[in-house]
Amino acid sequence: MRILDRYILKELLGPFLFGICVFSSILVGTGPLFRIAQYISQYGASVWTCARLLAYSLPGIIALTFPMAVLLSSLMAFGRLSSSSEIVTMKCGGLSFYRLAAPVFILAFAISAFSMVFNEVVVPRANAAYTYIVHYEIMKNTRPKTQEHVIIKDIAGGKLKRLTYGRRFDEDLSLMQGITIQEYENDTLVRIENAEKAVWKDGGWTMFNGIIYDMTEDGRVERTMKFKEQAMPVEKVPAEISRDQKNKEEMTIRELKQHIAILKREQVRTSYFEVELHQRLAIPFACFIFSLIGVPLGIQRQRSSSSIGLGISVIVIFIYYAVMSMAMALGQGGSLPPLVAVWIPNLLGIIAGVFFIHQAAK
């Protein structure tokens, strides 16, 4: 790595960490802290429990601040270099705008990649732990007793053995309705079982009024068999089924894809989950897009004040997330395809970034 690259990256590091701390503090203060105060006043949650809630809320918040911090660090770092005439000196030495911006773009792309991994590995587990503490430690088992579209996964040896779908589930009645069971061998679908309902009794689930389809390796139905009553191959008690259901924020990309595929087979609307799936890539990629905007804006001589850099960051971030919120609503409502809705803010950001880069490179 050349001295110039190290120098520019060093200028970025401080503002980047500062941005994560500042924006995380703002988001924590406007969200989790308010809810934690409610848990203390309404449910008498302990200090230790609230500290754990705060810790588990941080990964999701930090993941949102990565793009914001990249934008702020780009503006502040290049604003400082520009105000001290270092940019002019570098250009006089024969360095182009693209050469100066290259280490920032590479770093932003690396942060995008790290953010994707962070969103996939850390954030869903933290969100699941947060939800468990709220429902089972603070509110004392207030998970919804009646749920729509429950999914039960049986995994053996790291491979999916069985997927069970219930259109409606009632824990209090120990009843599941609209059941579809898919059984797999070596990741190949070998059997499908449909049943009108299943009831938990005598320590097991019993299905009623159903049909079994044995499948060939190429996906054709080989044999069918109807039944009036049959044991359902699910060992989990009703309370476990309620507890194991995940919100979209608690799922990994793979789990979201499986969930969407199951719901589509049951002809259930999936746009709500598809928007979340595409966001797992779109929001981390915003780190790179914000660098395309931040570098050319920061390199202008009039961007000499850190407060101006922070102000520009706030404006750009507000516009981006306002557009994202509106597009998400349209995507979840079905007015736009989820993929298009989620990537609209990034597309607009790319267009703006290319324009600013073109102007700065002149």
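Selection of region 152-179 for residues being in contact with a helix residue (DSSP H, G or I) (Cβ under 9 Å, 6 or more places away or on another chain), hydrophobic (A, V, I, L, M, F, W, C) and either more than 21 Å from Ala239 (Cβ to Cβ) or open to solvent by less than 30 Å² (accessible area, probe 1.4 Å) (or both) yields Ile152, Leu160, Leu163, Phe169, Met176.
Residues that are in contact (Cβ under 8 Å) with a residue 60 or more places away in the chain and of a type outside the set (Val, Ile, Thr) were ranked within region 103-113; the one that is surrounded by the most Cβ atoms within 10 Å (Cβ to Cβ) is Ala108.
Restricting attention to region 30-45, the residues that are free of Cβ contacts under 8 Å to residues at least 24 places away in the same chain and open to solvent by 40 Å² or more (accessible area, probe 1.4 Å) add up to 10.
Being under 18 Å from the mean Cα position of the chain (by Cα) and modelled with pLDDT under 90 narrows it down to one residue among Pro32, Pro67, Pro59; which is it? Please lay out each step first, then the result.
On the way: Pro67 fails: modelled with pLDDT under 90; Pro59 fails: modelled with pLDDT under 90.
Going through Pro32, Pro67, Pro59 in turn, the sole match is Pro32.
Open to solvent by less than 20 Å² (accessible area, probe 1.4 Å), on the phi < 0 side of the Ramachandran plot and either small (Gly, Ala, Ser) or in contact with a Ser or Thr (Cβ under 6 Å, 6 or more places away or on another chain) (or both), is that true of Val123? No; evaluated as a whole, the condition is false for this residue.
Flag: Ala198 matches the condition of being within 24 Å of Ile241 (Cβ to Cβ), in contact with a Leu (Cβ under 8 Å, 6 or more places away or on another chain), open to solvent by less than 60 Å² (accessible area, probe 1.4 Å) and not in a helix (DSSP H, G or I).
Here Trp48 passes the criteria (1) among the hydrophobic types (A, V, I, L, M, F, W, C); (2) surrounded by 12 or more Cβ atoms within 10 Å (Cβ to Cβ); (3) in a helix (DSSP H, G or I) except the one numbered (2). Residue-level analysis places Gln182 outside the set of residues that are outside any loop (DSSP other than H, G, I, E, B), open to solvent by 40 Å² or more (accessible area, probe 1.4 Å) and out of contact with any His (no Cβ under 7 Å at 6 or more places or on another chain). Pairs meeting the criteria (first residue in region 337-362 and more than 20 Å from Ser112 (Cα to Cα), second residue among the polar types (S, T, N, Q), beta carbons under 7 Å, at least 6 apart or on different chains) are Pro338/Ser271. When each of Phe105, Phe109, Phe169, Phe118 is tested for being in contact with a Pro (Cβ under 9 Å, 6 or more places away or on another chain) and not in a strand (DSSP E or B), the lone residue that passes is Phe118. Which of the residues that make up region 314-335 are open to solvent by 30 Å² or more (accessible area, probe 1.4 Å), touching a residue at least 60 places away in the same chain (Cβ under 8 Å) and small (Gly, Ala, Ser)? Correct list: Gly333, Gly334. Under the condition of being of a type outside the set (Val, Ile, Thr) and loosely packed, with under 12 Cβ neighbours inside 10 Å, the residues counted in region 1-20 number 4.
The values are calculated or read from the model by the stated rules, or taken from the named source; none is laboratory data. Keep in mind that this is a model prediction, so the values were computed, not measured. Cβ coordinates were reconstructed from backbone atoms using ideal geometry, including for glycine residues, and neighbour counts include every protein chain displayed. Side chains are part of the model used for accessible areas, which takes the heavy atoms of the whole protein and leaves out ligands, DNA and RNA. Shrake-Rupley method; radii C 1.70, N 1.55, O 1.52, S 1.80 Å.
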